[in-house]
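Visitor: Here's a structure for you.
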Amino acid sequence: MNSYDVAIIGSGPGGYVAAIRCAQLGLKTAIIEKYSTLGGTCLNVGCIPSKALLDSSHHYEDAVKHFEEHGIDIPGDIKVNLKQMIARKQSVVDQTTGGIDFLMKKNNIDVFQGLGSFKDETHIIISGEKETEIEAKNTIIATGSKPSSLPFISIDKERVITSTEALKLKEIPKHLIVIGGGVIGLELGQVYKRLGAEVSVIEYMDRIIPTMDSGLSKELNKVLKKQKFKINISHKVKSVERKGDEVIVKADNKKGEEVEFKGDYCLVSVGRRPYTDGLNAEAAGVKLNDKGQIEVNEHLQTSVKNIYAIGDVIKGAMLAHKAEEEGVFVAETIAGQKPHIDYNLIPGVVYTWPEVAAVGQTEEQLKEAGIEYKVGQFPMRALGRSRASMDLDGFVKILADKTTDEILGFHMVGARAADLIAEAVVAMEYRASAEDISRMSHAHPTFAEAIKEAALAATDDRALHV
Ligand SMILES: Cc1cc2nc3c(=O)[nH]c(=O)nc-3n(C[C@H](O)[C@H](O)[C@H](O)COP(=O)(O)OP(=O)(O)OC[C@H]3O[C@@H](n4cnc5c(N)ncnc54)[C@H](O)[C@@H]3O)c2cc1C
C-alpha cells in the first residue's frame, strides 16, 4: 500500500494548490479526484468557463452595439455562433485543466482518479477503475460544493437548469428566468442577455448581490436595468413548473401578490451547498455542522487532529482564491509553519460589465460595529479613460476610519474593477490610510485614477476632477 505524508481529496483550486505547496515543502503528496479532469468546479464548470463566455458575449455585444460608433463597419449581419462560442469555452477549460495535470507531474504529486472515501483516520479507499487503498499521515478534505436548489424545484437539467448546464446550452433562450440575484445568476444572465435573450431575475432579498455593500447593489441594479434586465427584488419563488418547452415560475411579491413568469429556460442560482457525498467522513470521526459543512478550528483542523478541510466545503465565502489561500495555509501548517489568513482582505468580485469588486468592510458592517468612518466616492464617468472607452458607469467608494484615516473598506463598480481591486488589497494589507493612496502617482489616463480620486475625496474632500 502506498503511504503519503499528505493525501488531498478533491482537486479544485483548494486541493490542487494545497498539493503543490505540500510538494514544495518536501511532503510526499497524493491527490484524489473523482472526475476525469483536475481543477474542480472552478476550472471545469465555474470561474473559467463562465469568464470565457462572458468575454465572448462581451465581444459580440461590442460588435453589435458599439463598433459603428467607434467607426468600424462590418458588412452584413453580425451573428452569434453559439456552438463555436461553447466550443471555444471548452477549449479554454481543456487547456486550463491540462495545465493542472502538468503541474501535478512537475511537482511529483501522485494523482488518483476515483472517489475517495475514508476507511479510518489514516486510510482512504479510492474507487476508480479499480479499487486502491492508500495510507496518509495527514489528509486535506477539499471536496468543494455543488449547486443547491429549493425543496420544491425539480432540476431537469434541460429547461430548469443550474450553472453547470447554463455553460453549455445548445440555443440562446428567448426568455431566461434567473432565480437568485447573486454573482452566478447575474454573470450567466448577462451572458445570455448580451446574446439576445430576455432575462428576468427574481431575488428573494430586497436587493441584488445582497451580501455586498448596498451602494454596489444599487448601482449594479441601475446599470442592469439600463441594459434591459428585468429585476424583481423582494420576490419569494413558490413554484417552478415545466410544461413542454415552457417554464412557469410563480412568486409572491412584496405585497404578497402572486406574480407569474413564463420563460423557456429557468436558471436556478440560489447558492451552493458543501459537498461530502461518498466521503464517508464518519468512518474517520470527522464532524459536520448543521449546514453540512465540515467543522474546522482556526487551524482548519477538523474534529480529527490529522485531518484538515478547506475551500467551499467549510465555512466562509465560496470563492476560488479563498480556497487557494486555505490550501497554502494548511500545507504550511502541516509542515510546522505558522501561516496566517486575513479573511477580511479576501476580495469579492462580480464579473458582469461593469464589474463589481470589494474588499474589507461594507458601510452596513461599519455602522453595525459602531465604527465612525468617512466616505470618499468618485464617479467613473469623470475619468478621461472612461470616456475614451465609453465605460462610464460606476464609481469607487473608499471607507476610511474617521480618526486614523486607515482604509476599512473599498467598493467599486466599473470597468476592470476585478483587476483594480488588487490595489485596494495591497493598500489594506499594509494598513494604508486614504491619504497614502491619494499621494501615490497613478498613471494617466487609467481607470485606476478613480481610486486616487476617491482616496483624495476621503482624505479631505480633495478630489481634483469633480
Ligand atoms: C458558475 C460559477 C462561477 C464561479 N466563478 C467564480 C469566480 O469568478 N471567482 C471565484 O473566486 N469563484 C468562483 N466560483 C466559485 C468557485 O468555483 C469555488 O469557490 C471553488 O471552485 C471552490 O474550490 P474548492 O477547491 O473548495 O472545491 P471545488 O472546486 O468544488 O472542487 C472540489 C473537487 O472535489 C472533487 N470531489 C468531491 N468529493 C470527492 C471525493 N469524495 N473523492 C474525490 N474527489 C471528490 C470534486 O469532483 C471537485 O472536482 C464560481 C462557481 C460557479 C459555479
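Visitor: Report, in whole Å, the centroid distance computed from the Cα atoms of segment 101-172 and segment 1-77.
Guide: Taking the Cα centre of segment 1-77 as reference, the centre of segment 101-172 is 15 Å away.
Visitor: If you don't mind, there's one more thing I want to ask. How much accessible area does T276 have with a 1.4 Å probe, in Å² rounded to the nearest 10?
Guide: Accessible surface of T276 is approximately 30 Å².
Visitor: Rounded to the nearest 20 debye, what is the charge dipole size of segment 330-425 about its Cα centre when +1 sits on each Lys and Arg Cβ and -1 on each Asp and Glu Cβ?
Guide: 320
Visitor: In Å, what Kirkwood hydrodynamic radius results for the chain from the alpha-carbon pair distances?
Guide: With all distinct Cα pairs of the chain included, I get 23.9 Å.
Visitor: Accessible area, 1.4 Å probe, largest first: how do R439, R272 sort?
Guide: Ranked list, largest accessible area first: R439, R272.
Visitor: Can you work out the Karplus-derived ³J(HN,Hα) for every residue in segment 150-166? Use 6.51 cos²θ - 1.76 cosθ + 1.60 with θ = phi - 60°, whole Hz, and x for glycine or proline.
Guide: Here the 3J(HN,Hα) series is 9, x, 8, 9, 10, 7, 9, 6, 10, 10, 9, 10, 9, 4, 4, 6, 5 Hz.
Visitor: Using +1 at the Cβ of each Lys and Arg and -1 at the Cβ of each Asp and Glu in segment 1-153, identify which of T97, S57, G10 lies farthest towards the dipole's positive end.
Guide: With unit charges placed on the Cβ atoms, the residue in question is G10.
Visitor: For every helix of n ≥ 4 consecutive DSSP H residues, a contribution of -39,500 (n - 2.57) applies; sum these over the chain, divide by its total residues, and give [θ] at 222 nm rounded to the nearest 500 deg cm²/dmol.
Guide: So the helix-based figure for the chain works out to -10000 deg cm²/dmol.
Visitor: Work out the length of the dipole vector of the chain about its Cα centre, built from +1 on the beta-carbon of each Lys and Arg and -1 on the beta-carbon of each Asp and Glu, and round it to the nearest 20 debye.
Guide: Dipole of the chain, to the nearest 20 debye: 840 debye.
Visitor: Quick one: which residues, 5+ away or cross-chain, put their amide H under 5 Å from the amide H of K146? H built at 1.01 Å from N.
Guide: HN-HN under 5 Å from K146: R273, Y275.
Visitor: Just to check I understand the Karplus step: with θ = phi - 60° and J = 6.51 cos²θ - 1.76 cosθ + 1.60, what whole-Hz values come out for segment 384-393, glycine and proline as x?
Guide: x, 4, 5, 5, 4, 9, 6, 10, 9, 7
Visitor: Rounded if a/c is under 1.5, else prolate if a/b beats b/c, else oblate: with a ≥ b ≥ c from the C-alpha gyration tensor eigenvalues square-rooted, which is segment 160-270?
Guide: oblate
Visitor: Report the Cα centroid-to-centroid distance between segment 220-269 and segment 322-401 in angstrom, as an integer.
Guide: Using only Cα atoms, the two centres lie 30 Å from each other.
Visitor: How large is the charge dipole for segment 273-342, taken about the Cα centre, if only the Cβ atoms of Lys, Arg (+1) and Asp, Glu (-1) carry charge, to the nearest 20 debye?
Guide: For this selection, approximately 140 debye.
Visitor: Between Y343 and K262, what FRET efficiency comes out of the Förster formula 1/(1 + (r/R0)^6) with R0 = 45 Å and r the beta carbon distance, rounded to 0.05?
Guide: So the FRET efficiency works out to roughly 0.60.
Visitor: Could you tell me the accessible area of K106 in Å² (1.4 Å probe, neighbours in place), rounded to the nearest ten?
Guide: Rounded to the nearest 10, the figure is 130 Å².
Visitor: I'd like to know which of G116, G128, V426 lies farthest towards the positive end of the charge dipole of the chain, counting +1 on Cβ of Lys and Arg and -1 on Cβ of Asp and Glu.
Guide: Going by the charge dipole, the pick is G128.
Visitor: Still on this structure, I have one more. Past the 27 Å Cα-Cα mark, which pairs from K51/K315; K193/K250; K157/K222; K28/K130?
Guide: K157/K222
Visitor: How would M85, M390, M440 line up by accessible area, probe 1.4 Å, largest first?
Guide: So, going from the largest accessible area down, we get M440, M390, M85.
Visitor: Filter the GluC sites (Glu not before Pro) in segment 221-291 to those in DSSP coil with at most 14 other Cβ atoms within 10 Å of their Cβ, and list the result.
Guide: Counting only loop positions with at most 14 other Cβ atoms within 10 Å, the GluC sites (Glu not before Pro) in segment 221-291 are E257.
Visitor: Which far-off residues, 5 or more places away or on another chain, put their amide H under 5 Å from the one on L408, with H placed in the peptide plane?
Guide: Long-range HN contacts for L408: L399, A400, D401.
Visitor: Still on this structure: Would you be so kind as to identify which of G271, N221, P173 lies farthest towards the positive end of the dipole of the chain, taking Lys and Arg as +1 and Asp and Glu as -1 on Cβ and the Cα centre as origin?
Guide: P173
Visitor: Counting only protein heavy atoms and using a 1.4 Å probe, what share of the accessible area of the chain belongs to carbon plus sulfur, as a whole percent?
Guide: Looking at the chain in its full context, I get 50 percent from C and S.
Visitor: Sort D206, D73 from largest to smallest accessible area, using a 1.4 Å probe on the heavy atoms of the protein chains.
Guide: D73, D206
Visitor: Oh, and also: Using a 1.4 Å probe, what is the accessible area per residue for segment 64-138, in Å²?
Guide: For segment 64-138, the per-residue accessible area is 67 Å².
Visitor: Loop only by DSSP, 16 or fewer other Cβ within 10 Å of the Cβ. Give me the GluC sites (Glu not before Pro) in segment 294-379 that pass, ordered by residue number.
Guide: Answer in residue order: E295, E298, E372.
Visitor: Can you pull out the GluC sites (Glu not before Pro) in segment 166-221 that DSSP calls coil and that have at most 16 other Cβ atoms within 10 Å?
Guide: Answer in residue order: E171.
Visitor: Another question about this same structure. Using θ = phi - 60° and the Karplus relation 6.51 cos²θ - 1.76 cosθ + 1.60, list the HN-Hα couplings for segment 301-314 in order, rounded to whole Hz, with x at every Gly or Pro.
Guide: 8, 7, 5, 10, 3, 9, 10, 10, 9, 9, x, 5, 7, 10
The values are calculated or read from the model by the stated rules, or taken from the named source; none is laboratory data. Computed from a prediction, not measured in an experiment: that's the story for all the values here. Counting neighbours? That spans all protein chains shown, and the Cβs are built from the backbone with ideal geometry, glycine included. Protein only, heavy atoms only, side chains kept; ligands, DNA and RNA dropped before computing areas. Shrake-Rupley method; radii C 1.70, N 1.55, O 1.52, S 1.80 Å.
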